[in-house]
Structure formats: C-alpha cells, structure tokens
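Please read the structure below before turning to the comments.
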Amino acid sequence: MRRPAILFAAALLASGSVVVAAAHAADITGAGSSFAAPIYEAWGAAGRDASGVTVNYQSVGSSAGQNQILAGTVDFGASDAPMDPAKLAKGNLFQFPTVMGGIVPVVNVPGVTADTLRLTGEVLAGIYSGDISDWNDPKIAALNPGLKLPDLPIASVHRADGSGTTFVFTSYLARSSQAWHDGPGAGSSIAWPGGVGARGNDGVAASVRNTEGGIGYVEFAYASRNHMTTVQLKDKAGDFVTANLDSFARAAAAADWAGAKNFAVDMLDTAGKGAWPIVSATYVLVPKQAKDPAQGAAVRKFFGWAFDNGDGIARGLDYVVLPASVKASVRAAW
C-alpha cells in the first residue's frame, strides 16, 4: 500500500488548496446510509487528531444522502444503493466504495436459534409478498427437516425510509423470484405488499426483537451487536451458508470489480463457493469540483486516512474491507 499512498499524497499536494487543508483542522459534514453510520463515526473519532478532520455524520438513509449531496447541503453523501449514472453525470459527482457488508434476515421465532433456520431467496420473496404467512408453512418446513416450526403468523418488517439496504435486499428478491421481479420489484423505496415499516437498520432490528414471529433485514453489524437470530441462506451453488465476514469476503472476491462502472460492483448471489448471497458495498458521493476546494480536500484527506489506517476498525465492526487493488483504483480516480 506504500506506493499508492505516496501517489495519492503527491496528487493532493498538486492541488493548490491541500497545503492549507493539511495545516489546519477542518470540519466536514456527511449524511446518508445507516448501514455505514457506525464505521464513519468510528473512523471520525479515531482519525480526528491524525487527519485534522472532524466528521459530522447524519444517519438519515441512503435516499436522503443522495438528495443532500445533489442539493449541495453536505460535503459528502453516503448511499448503499449506487447512484443512477445519469444522476451522477447531472450532479457532476464522483462515487467510490468505502467498505462492504452483508444484509441478513433476522427472525424472532420461538424455539429457533441463530443460524438453524434455512431460507432461500424465493421463500423470502414469498414471505414478504404475503404468500407464505405462517412459520410452519410447508415451503419453509421442506427446507428445515428436523426443525420444529411453530404454528405462528409471520410478521414481516421492512424499512419505512428510503434505504440502500432495501435496494440491496429487494434486488436480491427480484433476482430470486420472477413474481417479485414482476411485482414489487427493486428500489430504495417500494410499495410493500404488507408488513410494517421501521426507520433505519436500528428501527428494523428493534421491531423484530420486540415482535414474536417477526422477520426483518438489517446490515450484519446491527444483527451482531444486538445478538439477533440470523438465518442461513442458500448460495448460488445450492449450499446453505452462514452470514459472517468469511462468507461476505468470498462474495466480494468473486465479484467483477474491473468491469464495474462507477465502482458499482454487483455482489448479489455471486458464484464464489460459500459466498453469502446478499452483499453490498457502501458508497460515498462527492462533487467532482467542490464549491469550497478546502472542504473537498478535507473529505479526500479523511477517507485517505481511513483507507490507510481504518481496516482494523472496520473489521471490528463486522465490515469487509476493500481489496487493496480497489483502494488503489479509487485513489487513482481521486
């Protein structure tokens, strides 16, 4: 990583305002993804003294993050859903990934412990469409021989706010089920066939935890920190896999990073053996020409520090770090 770091520093010094940014502390504002909130807050706290940059981040959801950077009310936006290329071009924005993570279904089913319940994308689509309404439904029972499933209604929980986590999850459902693809479809905010909504990953986690028979989808770090009951999902090879950093990393390793335009890499249901099927990067959006060059330089300085020093923090929060080659590509694009 030493050579890319030197090149990155040289590139920053070539822009006239960076010397000022390096010499004086700066405050930058960001908003968006709740998925990314823990890591940006942790990087901000750990790197404040070393980078000289103070980060004020608002966890308001990916859609709001995209809207705020387009409106120019923040220094960087954060979104788990890649921005539409036409919007990127119109807003003259640059998009880059920072970390990756898994989206995991979480359940609150009496007698079911972590990673004992097996589900598929098609069955998840049936649950969220309302076609599968009870936990002892034959389609669920067929995937779980030997597991005692209660005669209990399923209470599905989804995000009420515009959410990149929802974009990733519904994209997976649309890929797994033709009926879902042709019906609700995929998006940051969709017309849900049923269930109840909650705001943010933390809101979904709380709702499932407090609802017997509940099922929801959250970023893995929220499930891990809240000691929630996760499930196994069937991978592309037909094996059931457990959500963890290893299965997320396998998905990332199998993705086509080189062919991804605007770094919007597809990590859904990759062919990697043992790969978790719902993995996504989270993205930062910045103006290509910042209104205040010193603020733009401070944003690059902060994320440059994070790329160099933040991997251990990210792993500690259950994120998957970017491959070194991807970091180098981001630095070159900067």
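If you go through the stretch 132-142 and keep only what is closer than 21 Å to Trp180 by Cβ, free of Cβ contacts under 8 Å to residues at least 40 places away in the same chain and of a type in the set (A, V, I, L, M, F, W, C), you end up with Ile132, Ile140, Ala142. Once the stretch 255-269 is narrowed to residues that are over 16 Å from the mean Cα position of the chain (by Cα) and buried (at least 17 other Cβ atoms within 10 Å of the Cβ), the residue that is nearest to Ala324 (Cα to Cα) is Trp257. Tell me which residues, restricted to the stretch 172-181, are over 25 Å from Ala37 (Cα atoms) and among the hydroxyl-bearing types (Ser, Thr, Tyr). Correct list: Ser176, Ser177.
Considering (1) farther than 25 Å from Arg209 by Cα; (2) modelled with pLDDT of 95 or more, the lone condition that His24 does not fulfil carries the number (2). Among the residues making up the stretch 182-235, those that are within 21 Å of Ser34 (Cα to Cα), of a type in the set (S, T, N, Q) and out of contact with any Asp or Glu (no Cβ under 9 Å at 6 or more places or on another chain) are Ser207, Asn210. Pairs meeting the criteria (first residue in the stretch 279-292 and touching a residue at least 24 places away in the same chain (Cβ under 8 Å), second residue of a type in the set (Phe, Trp, Tyr), beta carbons under 6 Å, at least 6 apart or on different chains) are Val279/Phe248; Thr282/Phe35; Val284/Phe76; Val284/Phe96; Val286/Phe76; Val286/Phe94; Lys288/Phe94.
Take Glu41 and tell me if it is surrounded by fewer than 18 Cβ atoms within 10 Å (Cβ to Cβ), outside the structural domain of Ser224 (by TED's automatic domain parsing) and modelled with pLDDT of 95 or more. I'd like the intermediate steps shown before the answer.
On the way: surrounded by fewer than 18 Cβ atoms within 10 Å (Cβ to Cβ): yes; outside the structural domain of Ser224 (by TED's automatic domain parsing): yes; modelled with pLDDT of 95 or more: yes.
Yes, satisfied.
When the residues of the stretch 228-245 are filtered to those that are surrounded by fewer than 22 Cβ atoms within 10 Å (Cβ to Cβ) and within 16 Å of the chain's Cα centre (by Cα), the one that is nearest to Lys327 (Cα to Cα) is Leu245.
So that you can scan it fast, the table gives a plain yes or no per residue for (1) modelled with pLDDT of 95 or more; (2) of a type in the set (Lys, Arg); (3) surrounded by 15 or more Cβ atoms within 10 Å (Cβ to Cβ); (4) under 16 Å from Pro105 (Cβ atoms):
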position	(1), (2), (3), (4)
Asp151	yes, no, no, no
Ser156	yes, no, yes, yes
Phe169	yes, no, yes, yes
Gly185	yes, no, no, no
Thr211	yes, no, yes, yes
Gly216	yes, no, yes, yes
Ala223	no, no, yes, yes
Asn226	no, no, yes, yes
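Of all residues in the stretch 75-96, those satisfying the criterion of being surrounded by 22 or more Cβ atoms within 10 Å (Cβ to Cβ) and either under 21 Å from Gly200 (Cβ atoms) or free of Cβ contacts under 8 Å to residues at least 40 places away in the same chain (or both) are Phe76, Gly77, Ala78, Ser79, Asp80, Ala81, Pro82, Met83.
Does the stretch 46-54 contain any residue that is in the same structural domain as Pro293 (by TED's automatic domain parsing), outside any strand (DSSP E or B) and on the phi > 0 side of the Ramachandran plot? Yes: one or more hits.
The values are calculated or read from the model by the stated rules, or taken from the named source; none is laboratory data. Everything numeric here is computed off the predicted structure, so don't read it as measured data. Ideal geometry is used to build each Cβ from the backbone, glycine not excepted, and the neighbour counts take in all protein chains shown.
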